1. How big is segment 96-135 along each principal axis, measuring the range of its Cα positions in Å and listing the largest first?
2. Ignoring any ligand, DNA or RNA, what whole percent of the accessible area of the chain comes from carbon and sulfur when the probe is 1.4 angstrom?
3. Quick one: which of 30-41, 103-114 comes out on top by average Cβ neighbours within 10 Å, and what's the full order, highest first?
4. So what's the back-of-envelope 222 nm ellipticity for the chain, counting only DSSP H runs of four-plus at -39500 (n - 2.57) apiece and dividing by all residues, rounded to 500?
5. Between LEU72, VAL114, PRO49, whose Cα lies farthest towards the positive end of the dipole of segment 17-135 when Lys and Arg beta carbons carry +1 and Asp and Glu beta carbons carry -1, centred on the Cα centre?
6. Just the number please: accessible area per residue for segment 59-117, 1.4 Å probe, all protein chains included, in Å².
7. As a test question: what accessible area, to the nearest 10 Å², does PHE12 have when a 1.4 Å probe is rolled over all protein chains in place?
8. Return, for the Cα atoms of the chain, the radius of gyration and Dmax in Å, separated by a comma.
Amino acid sequence: MGGLSLEHPWAFAFGLLGNIISFMTYLAPLPTFYRIYRSKSTQGFQSVPYVVALFSAMLWIYYALLKSDELLLITINSAGCVIETIYIIMYLTYAPKQAKLFTAKILLLLNVGVFGLILLLTLLLAGGEKRVVML
């Protein structure tokens with residue numbers, strides 16, 4: 001792929017545009033979290049979208065690391081991991097006990113368990129380009 005190569009200016013331009021749009025998407029929940037912060041309550045909001053977004057960003061980083069010249073994917077998804085982690089920490093700070101327990105469970109199940117299983121299986125069962133295809 002083109003990545004950061006100026007030999008493929010269109011690929012670079014659209015990759016950069018994709019990163020800008022993705023960054024704006026990661027920031028979309030800011031008004032919600034501002035409300036949570038002001039009221040010191042999660043107000044019935046769920047944590048699932050933020051846990052899933054963190055899982056997605058983690059998978060994209062793993063994919064980008066397996067490929068070469070995927071700096072744009074690594075940068076935006078690293079930013080996504082940081083942003084989503086902040087959202088989850090804020091959620092856990094103001095959530096009631098039941099919501100905290102549920103969030104901790106799905107965080108451990110999805111972001112540790114499932115991601116760890118994907119990592120383990122792709123590393124053990126495939127090599128080279130087959131690993132990327134398997135992922």
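1. 45, 14, 8
2. 72
3. Result, highest mean first: 103-114, 30-41.
4. That comes out to -23500 deg cm²/dmol.
5. PRO49
6. So segment 59-117 comes to 56 Å² accessible per residue, rounded to a whole number.
7. 50
8. Gyration radius and largest Cα-Cα distance of the chain: 17.3, 54 Å.
The values are calculated or read from the model by the stated rules, or taken from the named source; none is laboratory data. Please read all numbers here as calculations on a predicted model, not as lab measurements. With ideal geometry, Cβ positions are generated from the backbone for all residues, glycine too; neighbour counts draw on all protein chains shown. For the accessible areas, the whole protein counts, side chains as well, though only heavy atoms, and no ligand, DNA or RNA atoms are used. Shrake-Rupley method; radii C 1.70, N 1.55, O 1.52, S 1.80 Å.
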